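Take a look at the structure below.
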Amino acid sequence: MDYKFNEIEKKWSKIWIVQKTYRVTEDPTKKKFYVLDMFPYPSGAGLHVGHPLGYIASDIYARYKRLNGYNVLHPMGYDSFGLPAEQYAIETGQHPEITTKKNITKYREQLDKIGFSFDWEREIQTSNPSYYKWTQWIFKQLFNSYYCNIDDRALPISELIEEFKRNGNAKVKSPCDKDTPVFNALEWASWDEKKQQDMLLKYRLAYLSDTWVNWCEGLGTVLANDEVKDGYSERGNFPVEQKKMKQWSLRITAYAERLLTDLNSIDWSESIKEIQKNWIGKSEGASIHFQIFDNLSNSIEVFTTRPDTIYGVSFIVLAPEHDLIKKITCPQNKLLVNDYCQQMKLKSEKDRQLNTKNISGVFSGAYAIHPFTNKKIPIWISEYVLGSYGTGAIMAVPCGDQRDWDFAQKFNLDKPNIFDNTDINQGACIDKSVTIKNSDFLNKLKVPEAIQVAINAIEKNKLGTRKINYKIRDAIFSRQRYWGEPFPVYYKQNIPYLIEEDTCIQLPPITKYLPAENGDPPLARAKQDDWNIFKGDRMEFNTMPGWAGSSWYFLRFMDPNNNHEFVNKEKVNYWKQVDLYIGGAEHAVGHLLYSRFWTKFLFDKGFIDFNEPFKKLINQGMILGRSSFVYRIKNSNKFVTLEKKDQYETSKIHVDIECVDNDILNIEKFKNWRAEYNNAEFILNKENNYVCDYEIEKMSKSKYNTQNPDDLINKFGADTLRMYEMFLGPLEQFKPWDIKGINGVHNFLKKVWRFVHNNKLSSSKPNSGEYKIIHTCIKKVTQDLNRYSFNTVVSHLMICLNDLSKIKCNKKEIINLFIILLSPYAPFISAEIWQKLGNKNLINDAKWPVHDNMYLLENTSTYAVSFNGKVRFTIKLDKGLKKEDIQSLVLKHPKTENYLKSQKVNRVIVVPNKIINVVFGKN
RNA sequence: GCCCAGAUGGCGGAAUUGGUAGACGCGCUGGAUUCAAAAUCCAGUUCUGGUAACAGAGUGUGGGUUCGAUUCCCACUCUGGGUACCA
């Protein structure tokens with residue numbers, strides 16, 4: 001009887017739908033487990049074999065947990081706002097919603113074929129108003145909150161208003177805009193509505209402000225820092241420039257410290273934690289004020305992590321964007337300085353990055369006063385200081401910082417040495433184990449101690465304060481795009497107000513998806529009547545960025561159809577955090593950081609009881625394609641086999657992997673692949689074959705190396721695909737996709753099928769040998785699943801089947817156990833066999849077996865006997881023999897003399913049940 | 001440059017705490033079955049020498065610790081990822 005996977009898979013897909021097998025509800029009598037995949041953006045290209053890798057792993061784990069009696073939440077949905085659909089809309093005029101729907105249908109068909117145990121009743125789409133209503137709601141919560149550093153959490157903005165009425169902002173310790181002035185209660189009371197609102201905006205967690213943004217002309221929108229790579233947009237690779245614009249931002253910087261420290265509480269890979277740490281970029285040090293010579297009303301604030309080097313300061317450098325430049329530059333230098341700053345403004349971030357070798361700068365003509373020595377030190381302006389980091393000014397210490405050293409060298413500035421026993425003629429000394437000299441009260445101190453002493457002195461003399469600086473910046477939250485969440489915001493006299501109604505602000509229909517004639521975002525094209533709610537002078541024209549919807553979607557899955565709340569409190573208290581989250585490492589900073597931020601915010605507001613979204617995270621490695629190549633002889637239509645290519649002048653050409661089997665070109669297929677090859681000629685090897693070259697690279701249509709899961713499912717079945725993707729190697733690793741091996745896994749499943757059908761099955765009690773085989777397998781499979789070692793489980797199942805076949809086992813009891821172990825990987829064939837074995841329930845409701853050590857015990861163990869560490873032979877010995885007995889048995893062994901050659905035995909090491917090492921010869 | 005991860009047969013990979021390196025699968029070789037093919041089954045397969053028994057080498061390179069190292073330590077090479085005038 002043949003293994004007809006197509007029929008079996010069709011049959012069980014239907015049964016699972018009819019019986020609602022994967023439907024899940026809260027059940028307080030059961031322990032919960034939440035398994036989540038990073039939900040996909042439904043692109044037009046559909047899935048290739050790389051996409052489902054993580055979904056398969058998580059599905060296996062979800063099924064495994066269910067068999068262990070857990071109530072498993074395993075949902076799927078779509079991150080369906082995004083640029084490609086909008087780009088398509090611009091080109092064709094088709095509403096992005098239509099494209100999105102079409103793509104989702106395609107994705108769903110493909111996903112359904114693979115046999116996932118998703119509870120599709122919980123499906124969400126971020127572009128659905130019933131979903132983004134709540135994304136807007138969270139935005140409103142952020143708008144109505146500020147961060148209190150005293151309580152160390154977000155509080156309602158109403159409390160801040162009360163405080164302003166009582167005391168102004170003097171006692172407020174909250175992250176706010178840099179330009180926030182200090183005011184008292186009287187002043188507050190005297191301000192009009194607009195002024196008060198403007199002030200509140202400086203504190204809100206969602207705020208509107210003029211900021212330097214990454215403007216991407218090619219995409220017609222601003223981008224977040226993590227969407228920019230090397231000065232180009234990550235999506236589309238368009239150049240990005242700095243531009244000042246009024247934008248919505250989220251005050252993620254308020255959460256910097258918590259985002260950093262709470263990394264310790266989650267089970268994520270070190271590399272992702274490291275990336276987030278770097279992104280947050282915490283550095284500790286001091287901010288120090290330098291008075292300006294002859295201009296005592298102004299001072300320069302610098303940030304340094306090395307206050308111990310204060311006596312090594314020989315000049316100050318300001319960023320070309322620094323506000324003080326205009327005020328302090330002396331008249332003679334004005335032209336030069338203006339000119340330089342103007343030039344720097346024209347330079348893009350990218351140019352500044354590329355120019356690291358060329359040191360440039362100008363002298364302002366002004367001097368600062370060294371706070372300890374009172375010496376005059378020159379103030380310079382240079383592009384190597386960034387306006388956006390720290391205070392936009394540095395105290396330069398040439399002996400301790402290579403950039404400062406280079407700058408001093410170029411412009412012939414002082415390089416005082418404050419490190420004992422060091423030579424700074426060739427470069428700065430960055431070694432932190434040195435001792436300080438020439439530094440008054442810091443002399444003879446080591447660096448770490450000197451830092452503390454210096455900060456104390458700075459604080460005591462009121463020259464500055466201890467300070468912690470973070471690299472992370474607030475996240476820009478506006479996009480000048482159509483296909484995203486509209487803001488629940490309207491403007492009255494240019495002041496933003498929230499729309500208080502409990503209704504979703506829906507995307508209004510527009511006729512053209514391009515920016516309006518005056519450059520406003522596309523939403524400006526909507527007329528008043530097009531909006532389902534319209535207030536004030538106008539609605540907000542921006543939409544939210546791609547990561548808005550994905551920052552909280554894991555919560556919505558718990559309660560996807562709730563019309564009254566974003567998620568029901570009881571439900572979220574039951575499901576809590578995601579226990580296992582699987583997805584690509586490319587979201588290391590974006591999505592994963594923003595979700596953590598929103599989770600902490602919702603926790604502060606008391607909506608949820610946990611402050612981290614994802615307990616355990618696994619990043620699946622990318623599946624790479626294996627491209628095939630042919631060599632065409634230059635200026636001909638003749639192709640030469642790999643072995644002989646060096647004899648000709650050739651060009652290497654990608655060939656569709658469909659035309660290649662085992663690196664041997666199917667010449668007929670190749671000729672038919674493209675018209676230009678119809679009459680191609682070939683130079684073959686000795687065996688009359690054409691051998692192709694190969695390369696491992698990213699899977700891509702243009703490289704003709706993509707593998708569509710649908711084709712493989714038709715050919716081998718979904719069970720085979722699932723098992724093979726796991727068998728390929730460790731989940732986290734990058735690995736090449738090569739269908740050569742898929743036969744092996746397919747053969748295994750065929751073997752399973754034959755094993756059940758070609759034997760007459762017996763209901764009698766298995767013998768100890770049979771139990772031993774299956775219990776060994778139970779133990780290994782369970783252990784490996786618990787450590788997420790998905791690939792080795794497949795091997796254990798193969799070994800088990802091989803062993804059972806060898807002894808011609810036909811016991812139903814054993815086969816039942818084996819099929820349960822197999823079922824998370826190959827749910828279709830397992831369901832079918834389970835039913836055929838006469839089980840009345842579904843295999844999904846079976847119980848995962850527990851191994852019994854009783855069956856695994858052995859009386860003897862095989863020892864490897866080694867001489868001076870080299871293994872020579874093995875012997876079988878009874879367990880429980882004493883070490884002395886083992887030693888004498890080995891020394892008496894007939895083979896022993898061969899290796900000893902009458903030399904003296906120094907020592908015999910016996911590791912129980914494992915190895916014996918005879919040490920001899922030396923001395 | 002800095003930070004992180006990795007390197008094992010012809011290929012994907014295994015070896016959970018230092019204890020028989022190469023499990024399992026692919027591929028390859030030989031055989032059985034067959035009119036033939038497919039499918040299936042059996043045997044072999046790290047390299048070198050040898051018919052074999054066996055011997056020698058062997059987990060990116062060089063050193064070290066240890067009775068014993070793929071595993072621990074030091075230095076280096078290469079590959080992948082992150083990040084970059086970050087003060």
Which ³J(HN,Hα) values, rounded to whole Hz and listed in residue order, are derived for segment A:238-247 from phi using the Karplus coefficients 6.51, -1.76 and 1.60 in 6.51 cos²θ - 1.76 cosθ + 1.60 with θ = phi - 60°, glycine and proline given as x? 9, x, 10, 10, 8, 8, 8, 8, 7, 9
A:Met199: accessible area at probe 1.4 Å, nearest 10 Å²? 10 Å²
Can you list, largest first and rounded to whole Å, the semi-axes you get for segment A:265-390 by taking the square root of 5 times each eigenvalue of its Cα gyration tensor? 31, 21, 11
Provide the gained length on full extension for the span A:Ile161 to A:Lys140, in nm with one decimal, where the gain is 0.36 nm per separating residue minus the Cα-Cα distance. 5.9 nm
Within the accessible area of chain A, what % is carbon and sulfur when the probe is 1.4 Å and the other protein chains stay in place? 48 percent
Go through A:Leu514, A:Ile272, A:Ala368 and say which Cα lies farthest out towards the positive end of the charge dipole of chain A; charges sit on Cβ, +1 for Lys and Arg, -1 for Asp and Glu. A:Ile272
Counting only heavy atoms of protein chains, what accessible area per residue, in Å², does chain A have with a probe of 1.4 Å? 47 Å²
Per principal axis, largest first, the Cα atoms of segment A:860-920 extend in Å by 29, 19, 19
Between A:Ser795 and A:Gln835, what length comes free when the chain is fully extended (0.36 nm per residue of separation minus the Cα-Cα distance, one decimal in nm)? 11.9 nm
Taking a ≥ b ≥ c as the square roots of the Cα gyration tensor eigenvalues, with a/c under 1.5 meaning rounded and otherwise prolate when a/b beats b/c or oblate if not, segment A:99-160 comes out prolate
Could you list, in their original order, any pairs among A:Lys616/A:Lys740; A:Lys243/A:Lys273; A:Lys178/A:Lys462; A:Lys178/A:Lys345 whose Cα atoms are separated by more than 24 Å? A:Lys616/A:Lys740; A:Lys243/A:Lys273
Under 8 Å for C-alpha pairs, at least 6 residues apart: give me the relative contact order for chain A, rounded to a whole percent. 12 percent
Using a 7 Å offset from the Cα along the Cα-to-Cβ direction at both A:Trp120 and A:Gln242, what is the distance between the two label points in nm, to one decimal? 5.1 nm
What is the set of long-range amide H partners of A:Gly400 at a cut-off below 5 Å, with H atoms built 1.01 Å from backbone N? A:Cys429
Tell me, what is the 1.4 Å probe accessible area of A:His591, in Å² to the nearest 10? 20 Å²
Please give, to one decimal in nm, the separation of the simple spin-label points placed at A:Tyr648 and A:Asp414, each 7 Å out from Cα toward the Cβ. 7.4 nm
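Rounded to a whole number, what is D in µm²/s for segment A:626-706 from Stokes-Einstein with the Kirkwood radius over alpha-carbon pairs (37 °C, 0.692 mPa s)?
So the translational diffusion coefficient is about 260 µm²/s.
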Sequence-separation-based contact order of segment A:860-920, relative, with Cα cut under 8 Å and 6+ spacing, percent: 43 percent
Restricting things to alpha carbons, tell me how big segment A:685-792 is in terms of Rg and Dmax, in Å. 19.1, 59
Could you list the square roots of 5 times each eigenvalue of the Cα gyration tensor of segment A:282-470, that is, the equivalent ellipsoid semi-axes, sorted largest first and rounded to whole Å? 26, 19, 16
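Please find the FRET efficiency linking A:Arg754 to A:Asn714, where r is the Cβ-Cβ separation and R0 is fixed at 30 Å, and quote it to the nearest 0.05.
The formula returns an efficiency of 0.85 here.
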Using distinct alpha-carbon pairs, which all enter the 1/r mean, Kirkwood radius of chain A in Å: 33.4 Å
Cβ-isolated cysteines (cut-off 4.7 Å), chain A: A:Cys148, A:Cys176, A:Cys216, A:Cys330, A:Cys341, A:Cys399, A:Cys429, A:Cys504, A:Cys659, A:Cys692, A:Cys809
Can you check what the Kirkwood hydrodynamic radius comes to for segment A:768-856, Cα pairs only, in Å to one decimal? 13.2 Å
Quick one: 3J(HN,Hα) in Hz for segment A:4-16, Karplus 6.51/-1.76/1.60 with θ = phi - 60°, rounded, Gly and Pro as x. 9, 4, 4, 5, 4, 5, 5, 4, 6, 4, 5, 4, 4
Give me the number: length gained by fully extending A:Leu891 to A:Asn561, i.e. 0.36 nm times residue separation minus the C-alpha to C-alpha distance, one decimal in nm. 111.2 nm
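Just to verify a number: FRET efficiency for A:Asp738 and A:Lys701, C-beta to C-beta distance, R0 = 22 Å, to 0.05?
0.75
Using only the Cα atoms, what convex hull volume per residue in Å³ does segment A:282-339 have?
Per-residue hull volume (Cα only) is 112 Å³.
How high is the relative contact order of segment A:169-235, in percent, with contacts defined as C-alpha pairs under 8 Å that are six or more residues apart? Walk me through the intermediate numbers first.
On the way: 37 pairs, mean separation 13.7, N = 67.
20 percent.
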Hey, how many Å between the Cα centroid of segment A:108-126 and the Cα centroid of segment A:376-397? 55 Å
What Kirkwood Rh does segment A:469-526 have if only Cα atoms enter the pairwise 1/r average? Answer in Å. 13.6 Å
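Divide by every residue of chain A the summed helix terms, -39500 (n - 2.57) for each DSSP H run of at least 4, and state the resulting mean residue ellipticity at 222 nm, rounded to the nearest 500 deg cm²/dmol.
Mean residue ellipticity at 222 nm (helix-derived): -10000 deg cm²/dmol.
The values are calculated or read from the model by the stated rules, or taken from the named source; none is laboratory data. Keep in mind it's a predicted model, so treat the numbers as computed, not measured. Don't worry about glycine lacking a Cβ; one is built from the backbone with ideal geometry, like all the others, and counts go over all protein chains shown. Calculation scope for accessible area: heavy atoms of the full protein, side chains included, ligands and nucleic acids excluded. Shrake-Rupley method; radii C 1.70, N 1.55, O 1.52, S 1.80 Å.
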